[in-house]
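Only one structure is covered here, and it is reproduced in the block below.
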Amino acid sequence: MAKQQRISMGSRVFDFFNYFLLALLAIITVLPFIHVVGSSFATSAEIARTKFLLFPTEFSLNAYKYIFSTDTIFRALGVSIIVTVGGTLWSMFFSTLTAYGLARRDLVGRRVINFLIVFTLLFNGGMIPTFLVVQQTGLLNSLWALVVPVTINAFNMIILRSFFMNLPQGLEESAKIDGANDFSILFRIVIPISLPAIATISLFYAVTYWNTYMHAILYLSDADKWPVQVLLRQIVVLASGINYDGQAYTDVPPPEVTVKMATIVVATVPVLLVYPFLQKYFAKGALLGSVKG
Amino acid sequence: METTTLTPREEARQLKKMKKAETWRRIKRNKMIYLMILPGLLYFLIYKYLPMYGLIISFQDYKPYKGIAGSEWVGLEHFHRLVTSSEFWMIFKNTLVLFGLQIFIFFPIPIIISLMLNEVRHTFFKKGVQTLIYIPHFMSWVVIVSISYVMLTLDGGIINAIIESLGFEKINFLLNDDWFRPMYILQVIWREAGWGTIIFLAAITAVDPQLYEAARMDGANRFRQMWHITLPAIRNVIIVLLILKIGDVLELGFEHVYLLLNSSNRNVAEIFDTYVYVAGLQQGQFSYSTAVGFFKGAVGLVMVVFANWLAKRFNEEGIY
């Protein structure tokens, strides 16, 4: 009896520390975001006065008014929205077709194709040869360069494929007996019952496209084609002149802290808006792929 | 009657013929499926396999106007130049150090957090913590680095304000090469540690609850239960992920490092990827930078094969 008492006491101490540390971890994780959002709505005077600002006392939209006063941010947001929406549709179309095809167990050559796709995860041509292919296929300095070279993410495709492979076989067979062809089976039967998986992968693609930065600096030279991430980089870091990549933004005086904060918020908010939807599906989706991949 | 007269050899031939016919029948039946995967295959061929073919320019003196066919062959000259260059060892060391940080500091963290989350009995608390710690994974590196930047900067950054109010000297985190590595790994932890728990948590749910009960009967405390039941149960997942991580040995995130890189921390922050970018796209040394990239990719491939072999030797499942 006494022994049991002691165990549960130790257990309670354990629980206390465990809950405390996890709560601390969660708070530390999101605190920087709160700081940034809070500061973006503060006045510059308050920022200078209060050092540990989380929630501003004087609410101000000046920073947002400032960044939305020029075309630059609208153009960048426009590019990001086009690339995100268009790219997600494009990628989903080809990923779904490929995944569904490769989910067919009776497909001759399936193993070889699967291997060729998985191999691209282990080895690739690298930045320069890929750049040369992008150049040769005429995509340089076009928004297509942000989409076409990343049409199918092998991981995402594998997740979708495993999902399709786990669907009941009977559905397709009965449709086939009714004379439906493979395309109508895919679009009329398989996709409607796979919506959770389709939604998950679409959101993964959408987040990747929204966050695209590297391909933009590799393949786009016109500043008016830059997506919002590149603009954010220009405003927050390069404007202060510490990076050496030469694409400085020097004709404008360094922006105020609140402006930097507001730009971060603008570049982040769309992801935070879809986050609740992501949350609903992603854990399931992410698992499917990573375990079986 | 005739069938009985077939010799074994003829029989084998006939069987082969039938198999071939069957294969053809299957291919024909699936012709629409082939049509479906065709665009996807073309994508992989053009944007993944064509660049692999393009690696041959690392053995050439590639000139864009001459193309691969017309450029002169130089053998291993670029590789020789790479390993004998004064910068090679700096880059090699930087890459290795960041890799070490990823394996020894970052890798165990999601495992520890998963073990902790597994001990939480209030679902709402567990869900709440998970929701919050997954968020940074969906932020771009630009956002992660920008937030760090505004917090760490000398003029008005919140961290330096705290340091100053505690009576210490301000620290120039962004330009100081001593701070690059801690900053790098902290950002990796911030962005990926939470998300990394998903797969371990899923593996943990497969553990039979009776095991815990039995352990409790034997008087095992919570730590011992974690150590002797939960951890062994997810051992295979840990090993698979470790292999994948080792395969990524040189994939330290071009974007992330490039965003942190500046002329004053270059001696610790320059890694193969950023070097390829600068030498190749900014200075136009296509062949040389391709050789650098090739070297990096080959080392990565060898590492993953080696790690997998090692795992199999220790009777683990491995990844293929």
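Report yes if some residue within the stretch A:59-70 is modelled with pLDDT under 95 and β-branched (Val, Ile, Thr); otherwise report no. Checked against the condition, which is being modelled with pLDDT under 95 and β-branched (Val, Ile, Thr), the stretch A:59-70 yields at least one hit.
Filter the stretch A:29-68 down to the residues that are of a type in the set (S, T, N, Q) and farther than 16 Å from residue A:261 by Cα and list them by number.
Once the filter is applied, which keeps residues that are of a type in the set (S, T, N, Q) and farther than 16 Å from residue A:261 by Cα, the stretch A:29-68 yields A:29, A:57.
Of the helices (runs of 4 or more DSSP H) that lie entirely inside the stretch B:1-62, those containing 2 or more residues that are β-branched (Val, Ile, Thr) and facing chain A (nearest Cβ under 7 Å) span B:8-29, B:31-44. Tell me, please, whether a residue that is farther than 30 Å from residue B:273 by Cβ, β-branched (Val, Ile, Thr) and free of Cβ contacts under 8 Å to residues at least 12 places away in the same chain can be found in the stretch B:132-151. No, every residue in the stretch B:132-151 fails to be farther than 30 Å from residue B:273 by Cβ, β-branched (Val, Ile, Thr) and free of Cβ contacts under 8 Å to residues at least 12 places away in the same chain. Of the listed requirements (1) closer than 29 Å to residue A:228 by Cα; (2) modelled with pLDDT under 95, residue A:143 misses just one: (2).
The C-beta contact set for the stretch A:103-127 (first residue without any contact (Cβ under 8 Å) to a residue 40 or more places away in the chain, second residue of a type in the set (Lys, Arg) and surrounded by fewer than 18 Cβ atoms within 10 Å (Cβ to Cβ), distance under 6 angstrom, 6+ apart or interchain) comprises A:106/B:26; A:108/B:26. Scanning the stretch B:277-298 for residues that are over 18 Å from the mean Cα position of the chain (by Cα) and closer than 13 Å to residue B:95 by Cβ yields a count of 1.
Count of the stretch A:128-145 residues, restricted to those that are within 13 Å of another protein chain (Cβ to nearest Cβ) and in contact (Cβ under 8 Å) with a residue 24 or more places away in the chain, is 5. Looking across the stretch A:50-106, the residues that are touching a helix residue (DSSP H, G or I) at 6+ places or on another chain (Cβ under 6 Å), buried (at least 16 other Cβ atoms within 10 Å of the Cβ) and in a loop (DSSP other than H, G, I, E, B) come down to A:53, A:56, A:104.
Could you run through the stretch A:121-130 and say how many residues are in a helix (DSSP H, G or I) and either closer than 12 Å to residue B:289 by Cα or of a type in the set (S, T, N, Q) (or both)? Number satisfying all stated conditions: 4. Within the stretch B:167-179, is even one residue modelled with pLDDT of 90 or more, out of contact with any Leu (no Cβ under 7 Å at 6 or more places or on another chain) and in the same structural domain as residue B:265 (by TED's automatic domain parsing)? Yes; the residues of the stretch B:167-179 include at least one that is modelled with pLDDT of 90 or more, out of contact with any Leu (no Cβ under 7 Å at 6 or more places or on another chain) and in the same structural domain as residue B:265 (by TED's automatic domain parsing).
Inspection of the stretch A:19-26 finds a residue satisfying the criterion of being more than 27 Å from the chain's Cα centre (by Cα), more than 8 Å from chain B (Cβ to nearest Cβ), part of a helix (DSSP H, G or I) and at pLDDT 95 or above. Scanning the stretch A:189-213 for residues that are surrounded by 21 or more Cβ atoms within 10 Å (Cβ to Cβ), over 30 Å from residue A:174 (Cα atoms) and out of contact with any Pro (no Cβ under 7 Å at 6 or more places or on another chain) yields A:203, A:204, A:205, A:206, A:207, A:209, A:211, A:213.
The values are calculated or read from the model by the stated rules, or taken from the named source; none is laboratory data. Just so we're clear, the structure is a prediction, and the values are computed from it rather than from any experiment. Backbone-built Cβ (ideal geometry, glycine too); neighbour counts: all protein chains shown.
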